[in-house]
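The values are calculated or read from the model by the stated rules, or taken from the named source; none is laboratory data. Just so you know, these numbers come straight off a predicted model, no measurement behind them. Note that each Cβ is placed from the backbone with ideal geometry, even for glycine, and that neighbours are counted across all protein chains shown.
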Amino acid sequence: MSEIAIVGGGLMGHGIALVLALHGHAVRITDTAPETRARIPALMASALATLQEAGAAPKGWDAERLGRAVRVEAELEPAVAGADLVIEAITENPEAKRALFTDLDRLCAADTILASNTSYLDVFPLIPAARQTRALILHWYTPPYIVDLVDVVPGPGTDPAIVAAMADLVRGLGQVPIVLKRFIPGYIANRIQSAISAEVYSLLDDGIASPREIDDAIIHGLSLRIPILGHLAKADFTGLELTQRAMANASYVPARPRARSETLDALCAEGRTGVMAGKGYFDWGGSPPEELFRERDRKLLALKAAMATIGRMEGT
């Protein structure tokens, strides 16, 4: 596409902009917060440097070229004027999104495609009726320049040709589109992650296990097999009759999703809100957040490269 605009330059927005730019798209990005806009070039340049270190970026890119490919705009109107596709990546607040889509309806051409990066909100009731045929969800995962999964979700009135075109756009980025038949909160990966989170918060709040023990169980148990097999192929290797008996003999009731966790509430009350604060479930040793993010990205890229070599077990 010749021109793509992104509204929202935070954690997801600048990463999506980087992915699009590195694959030849002209991008404009805006955010209502001046401090967020000011950080966008440095965040993209840092992510680009990490990709280059891993040999995972196209040749010939540097911060200067990236600055030409991604234009940061202070105002919404010049950011979206003439754009073929506008991606909304603002806060998960229904009224904020409704107000933005009202503005986009006023500012964008009739044939502009409107996409939302929302994780859980049904945005389609928030989008003006006249835009429904060219509106859909394009949902990336953090960090979008490394994680290849993108959910492509139509609304009740979305033109199937738009859905197909956006799935092709994602494939052109070297990423993997999962096209859902309709909107469901959380899509597939986030719904599975929510089920895991329900169990994790139950184990923490009931004092069954520590954060380290829980993560060790995931890293040394679940995670080793999942990249190779996924979940259902793993069941095939286990044997479906054994899986059937395990379900029938289950002696516990799975934890229900909860609206709050005492453990989580206590950490937040102490200001232990995660890597950006230096502490969360774990103490991150006073390292600057940008260093921690780069270390995470390096490790993810190394794992991704190894998985590309190893491959997966795949039936038909």
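Things worth noting here:
- Residue in the range 280-299 that is loosely packed, with under 14 Cβ neighbours inside 10 Å and hydroxyl-bearing (S, T, Y) present: yes
- Among the residues of the range 28-43, just one is touching a residue at least 40 places away in the same chain (Cβ under 8 Å), surrounded by fewer than 22 Cβ atoms within 10 Å (Cβ to Cβ) and touching a strand residue (DSSP E or B) at 6+ places or on another chain (Cβ under 8 Å), namely R28.
- Tally, over the range 212-267, of residues that are small (G, A, S) and in contact with a Gly (Cβ under 9 Å, 6 or more places away or on another chain): 1
- Of the residues making up the range 62-90, those that are farther than 17 Å from E3 by Cβ and at pLDDT 95 or above are R65, A74, I90.
- Some residue of the range 95-104 being more than 20 Å from A164 (Cβ to Cβ), without any contact (Cβ under 8 Å) to a residue 60 or more places away in the chain, among the polar types (S, T, N, Q) and part of a helix (DSSP H, G or I): yes
- Count - residues of the range 244-264 that are part of a helix (DSSP H, G or I) and either surrounded by fewer than 14 Cβ atoms within 10 Å (Cβ to Cβ) or touching an Asp or Glu at 6+ places or on another chain (Cβ under 8 Å) (or both): 7
- Considering the range 114-135, the residues that are without any contact (Cβ under 8 Å) to a residue 60 or more places away in the chain and within 17 Å of G13 (Cα to Cα) include one that is nearest to the chain's Cα centre (by Cα), namely T118.
- Total residues in the range 113-128 satisfying the condition of being surrounded by fewer than 21 Cβ atoms within 10 Å (Cβ to Cβ) and out of contact with any Gly (no Cβ under 8 Å at 6 or more places or on another chain): the figure is 5.
- Matching residues, the range 173-197, being touching a residue at least 12 places away in the same chain (Cβ under 8 Å), assigned to a loop (DSSP other than H, G, I, E, B) and of a type in the set (V, I, T): I188
- Taking the criterion of being part of a loop (DSSP other than H, G, I, E, B) and touching a residue at least 40 places away in the same chain (Cβ under 8 Å), the residues of the range 277-295 that qualify are Y281, F282.
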